[in-house]
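Just so it is clear, none of the values below were taken in a lab; they were calculated from the coordinates. No experiment lies behind these values; they were computed from the predicted model shown. Methodologically, a virtual Cβ is constructed for each residue, glycine included, from the backbone with ideal geometry; neighbour enumeration extends over all protein chains shown.
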Amino acid sequence: DGIEHLTLCSFFMYENRLIMQQSNNYYEFYPITPRAKTRFHLQAHPFYETILLEFALVVDVSFKPTGIYVIARSSQTIISSTAAPKVRGFEELYQHLSPEVQRKVGAVEWPDPHALVDIVDSIQNGTILGVSDGSVRTREDRASQAWILQAPNGSEIVGRGPVDGSTEARTWHRAELQGQTALFVMVSLFVQYFRIIGGKITTYCDNQAVVSKLQKGWRQWRYRHTKGADGDLQTLIRKTLGDLESKTGLSYTSEWVQAHQDDKVDLRHLPRPAALNVQMDNMTKEAYELPPQWQTQSFIPVSRSEGCAVYIGNAKITSNIQSTSLEQIGQRISSATPWDNCRHFRLNSLAIVAVCPQETEPTSSRHSSKGHSPTSSNAGEALQAGQSSYDLPMSTVLRRG
């Protein structure tokens, strides 16, 4: 009693959060009450939000048996790091995402800082679970998805939102894939903000096709030759996973979980992944009650990771470009103009070629016996990926991200 103990530690205050630096490690002491700013509990908890130190004040503290007391504050702040992102909170990092990526992630329920720390710890030690689900309401022409990241102690962060696209493209596969995409985008924000190195996540999904793609790591996905089904989502999740593995060393495993297991077993008796899948199934229904800005829309913008995309009217082609575009163009032409008097189109990879016959040929020589669209040896105008957009007849446009 009455003896001052000197420590080789530095203490900082950010709002009502007391942070201690000991060598290269950081710890946080929780306030005695939610509003307390001078008295804190003695137990130390790992602190990962080092970005906040840029805005923290240096403080002097006194240790007593009843707690830690802040006895003086200085106007001195930490010298900022030029490499640190200019964000003051985890939620703000999400707000820095592009609007189209935010829509894919959905509306997020932000937990308190203590729960965030629990989630960070579980990502670091590989005990975090990520579960998602999708929903399609064909009669209402709407779709939704929901996801959750949960630590073993129940600390969690959840999100839900719309699945966009034309009616034909808004499939169960797309809804399920978007849920998993949202999961990994959110994990990437945790890794970036809390500067996690290594770590592991296990995700669960009740769509076997999506799980199979994740297990193969997109090694067999021929992105250079075809956009593929739901190419915008596939490019985003492929890039996100690649960055996580190459830049931070984070690994993942993905498993299939049977849907609606609560139909036969009480929810309280289900394994954790199955119970969370049921919870996400319910949340996809709640997503339909979100505000208007979070409701399904047909238009899907081009993302940076996607590079470019083909639109017919306002509908984005999210499956194989060549076959789908030819099919839709053919439908529009046949419903409006006879084949004899229209332009014909041939799509090849990322270039669109408009073929314009220069001489009239007998109808029989320009139509194949199988009913396919006619062809011509005279090449017309080629639209290469170097252009941002180019209007073709029937409102066919190639847009770059």
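Within the set of other residues whose C-beta is less than 11 Å from the C-beta of Glu176, count the net charge using Lys and Arg as +1 and Asp and Glu as -1.
Around Glu176, the surrounding residues sum to -1.
What spacing in nm lies between the two simple spin-label points modelled at Phe63 and Asn25, each 7 Å away from Cα in the Cβ direction?
With each label placed 7 Å out from Cα toward Cβ, I get 1.4 nm.
Would you mind checking Lys216/Lys239; Lys285/Lys316; Lys37/Lys64; Lys200/Lys239; Lys239/Lys285; Lys247/Lys316 for any pair whose Cα atoms are more than 22 angstrom apart?
Pairs exceeding 22 Å: Lys285/Lys316; Lys239/Lys285; Lys247/Lys316.
Expressed as a whole percent, how much of the Cα-Cα distance distribution for region 90-159 exceeds 22 Å?
31
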